[in-house]
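Visitor: Dumping the structure here so I can ask a few things about it.
The values are calculated or read from the model by the stated rules, or taken from the named source; none is laboratory data. Since we're looking at a predicted model, the values are computed, not measured. Virtual Cβ from ideal backbone geometry, glycine too; neighbours counted across all protein chains shown. For accessibility, only protein heavy atoms count, side chains too; no ligands or nucleic acids. Shrake-Rupley method; radii C 1.70, N 1.55, O 1.52, S 1.80 Å.
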Amino acid sequence: MSFFPEVSKIKYEGPDSKNPLAFRHYNPTEVVEGKTMKEHLRFAVCYWHTFRGMGGDPFGPGCAVRPWEDGTDSLEMALKRVDVAFEFIDKLGAPFYCFHDRDVSPEGKNLTETNKNLDAVVKKLGQKQKETGIELLWGTANLFSNARFVHGASTSCNADVFAYAGAQVKKAMEATKELGGVNYVFWGGREGYMNLYNTDLRREFDHLAKFLSLAVDYKKKIGFTGQFLIEPKPKEPTKHQYDSDSAACMAFLKTYGLDKDFKLNIETNHATLAGHSMHHELTYASSYGMLGSIDANRGDELLGWDTDQFPNNLYETAQVMLVVLGQNGIGSGGLNFDAKVRRESFEPIDLFYAHIGGMDAFAHGLKIAAAIRKDGVLKDFVKQRYASWDSGIGADIESGKAKFDELEAYMLKKGDADKNTSGRQELLENVVNRYLK
Ligand code: XUL
Ligand code: CO
């Protein structure tokens, strides 16, 4: 039985193709900087938006047409949905997928039943992975939808909720390991606060750190070798999320001695909400070796919330790929489309158009980034801009040879600093535009 009978395997047809069900840029076997596009981009389809999203918003229920859905959250439906998901991912040609435990399997009447449901679905996911060759980029636990998480999970004022969350992550990590997942993600769903009048902020941070260190202990105990990732987001659902941006996450991890055990999974729309560019968030993490994976989407300039749209901005995808190529690849991470079709795009085929567009936008961005790097235009400029640090007083400062006494003696002799040179921002923006073709 086919759920997408009108679609066959999506193929690469080249930049001139007008076929909306073909790739114009994503050619999995094409080699860029010594690696195939498939290896560079490591695309993943997310289970929650793509197979659970029905297009509901605060003003109305979902209206997506999904003929296979029976309107229930039963185990039977969950098992059928695995077939839908793997047909879609296989036809699209994405090598990976990602899920939360509750996306793939329903909550039971108690934890025992909930875990049994997950076991049944994981078994089927494993079979489908084997059949298709599709792999798991990361698993995670949904610690935010159920009412028990109203005050957060590990940062809840209710210690029982911390315990429940621990049990849930334990199980989700086991499932991820069983399915050969190469990462495990922690997004702090409701780990944050709405109002400081009722919040012991320091205690909540301590509990969050405790939770993550227990996860590290358990990871070692069961020999799970995937990379742990924290996903920054500054707000929504809470007013202030504790993992607010790359800098805050890295400071938090360092403060609690967890920085060796985690990297970051950085999402474009979360960067926007934090008042940063994605370029900034990635550069910040990558500079310290902390960029582990990417949730590829985009926000809307005119809407101030997490719209999770599919990526289509070539400046942005090229900037992302400049950072990724600059750190010699995304490692075990990948580009996960944490993105949803608009409520108005309610037909199943829209899921294909959306993912094809996102994959092409990144493949195109990869080509642009590689061309910029090949010509060395930005790198050469930056190298030259900092040339004063390569010898003389600059080198003495960097090496620690020059203290304030030496700086004073140097400047008293010289009288004033050398003249500054232009930053040439507009020129460089023009140069980048030359590559956007
Ligand atoms: C929420 C978000 C999550 C994480 C996984 O904004 O991005 O879906 O990616 O929990
Ligand atoms: Co995300």
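Visitor: Taking the condition among the hydrophobic types (A, V, I, L, M, F, W, C), more than 27 Å from A44 (Cα to Cα), open to solvent by less than 50 Å² (accessible area, probe 1.4 Å) and away from ligand 1 (no atom under 16 Å from the Cβ), does F224 pass? It would help to see each step written out before you state the result.
Guide: On the way: among the hydrophobic types (A, V, I, L, M, F, W, C): yes; more than 27 Å from A44 (Cα to Cα): no; open to solvent by less than 50 Å² (accessible area, probe 1.4 Å): yes; away from ligand 1 (no atom under 16 Å from the Cβ): yes.
Criteria not met by F224.
Visitor: Looking at the range 241-283 only, could you name the residues that are assigned to a helix (DSSP H, G or I), away from ligand 2 (no atom under 15 Å from the Cβ) and of a type in the set (D, E, K, R)? Give the steps one after another, and end with the answer.
Guide: Restricting attention to the range 241-283, the residues satisfying the condition of being assigned to a helix (DSSP H, G or I) are 246-255, 268-273, 278-283.
With the extra rule that they be away from ligand 2 (no atom under 15 Å from the Cβ), the set shrinks to 247-248, 250-255, 279-280, 283.
Passing the criteria: only K254.
Visitor: Has the range 290-300 got at least one residue that is more than 15 Å from ligand 2 (Cβ to nearest atom) and either in a strand (DSSP E or B) or touching a residue at least 24 places away in the same chain (Cβ under 8 Å) (or both)? Give the derivation first.
Guide: From the range 290-300, those more than 15 Å from ligand 2 (Cβ to nearest atom) are 290, 300; that's our starting set.
Applying the additional criterion that residues be either in a strand (DSSP E or B) or touching a residue at least 24 places away in the same chain (Cβ under 8 Å) (or both) yields 290, 300.
For the range 290-300, residues more than 15 Å from ligand 2 (Cβ to nearest atom) and either in a strand (DSSP E or B) or touching a residue at least 24 places away in the same chain (Cβ under 8 Å) (or both): present.
Visitor: So D380 fits all but one of (1) touching a Gly at 6+ places or on another chain (Cβ under 9 Å); (2) loosely packed, with under 12 Cβ neighbours inside 10 Å; (3) of a type in the set (D, E, K, R); what number is the exception?
Guide: Condition not satisfied by D380: (1).
Visitor: For G357, state whether it is within 30 Å of the chain's Cα centre (by Cα) and over 30 Å from W68 (Cα atoms). Please lay out each step first, then the result.
Guide: Details: within 30 Å of the chain's Cα centre (by Cα): yes; over 30 Å from W68 (Cα atoms): no.
Judged against the criteria, G357 is not a match.
Visitor: Answer with yes or no whether W187 is within 15 Å of ligand 2 (Cβ to nearest atom) and open to solvent by less than 20 Å² (accessible area, probe 1.4 Å).
Guide: Considered against the rule, which asks whether it is within 15 Å of ligand 2 (Cβ to nearest atom) and open to solvent by less than 20 Å² (accessible area, probe 1.4 Å), W187 comes out as no.
Visitor: Go through the range 7-57 and count every residue that is open to solvent by less than 10 Å² (accessible area, probe 1.4 Å), in a strand (DSSP E or B), within 16 Å of ligand 1 (Cβ to nearest atom) and of a type outside the set (G, A, S).
Guide: 3
Visitor: Considering A251, A274, which residue is surrounded by fewer than 24 Cβ atoms within 10 Å (Cβ to Cβ) and without any contact (Cβ under 8 Å) to a residue 24 or more places away in the chain? Spell out how you get there, then give the answer.
Guide: Numbers: A274 fails: without any contact (Cβ under 8 Å) to a residue 24 or more places away in the chain.
It is A251.
Visitor: Next question, about the same structure. Which condition number in (1) part of a loop (DSSP other than H, G, I, E, B); (2) polar (S, T, N, Q); (3) away from ligand 2 (no atom under 14 Å from the Cβ) is the one that T307 fails?
Guide: It fails just one condition, (3).
Visitor: Now a separate question. How many residues are among the polar types (S, T, N, Q), open to solvent by 10 Å² or more (accessible area, probe 1.4 Å) and within 14 Å of ligand 1 (Cβ to nearest atom) when one looks only at the range 295-348? It would help to see each step written out before you state the result.
Guide: Taking the range 295-348 as the starting set, the residues that turn out to be among the polar types (S, T, N, Q) are 297, 307, 309, 312-313, 317, 319, 327-328, 332, 336, 345.
Next, from what is left, pick out any that are open to solvent by 10 Å² or more (accessible area, probe 1.4 Å): 309, 312-313, 319, 327-328, 332, 345.
Next, only the ones that are within 14 Å of ligand 1 (Cβ to nearest atom) stay: 309.
The total comes to 1.
Visitor: Of the numbered conditions (1) of a type in the set (K, R); (2) in a loop (DSSP other than H, G, I, E, B); (3) open to solvent by less than 20 Å² (accessible area, probe 1.4 Å), R81 satisfies every one except a single condition; which is it?
Guide: (2)
Visitor: Exactly one of these conditions fails for E231: (1) open to solvent by 20 Å² or more (accessible area, probe 1.4 Å); (2) among the acidic types (D, E); (3) within 16 Å of ligand 2 (Cβ to nearest atom). Give me its number.
Guide: (1)
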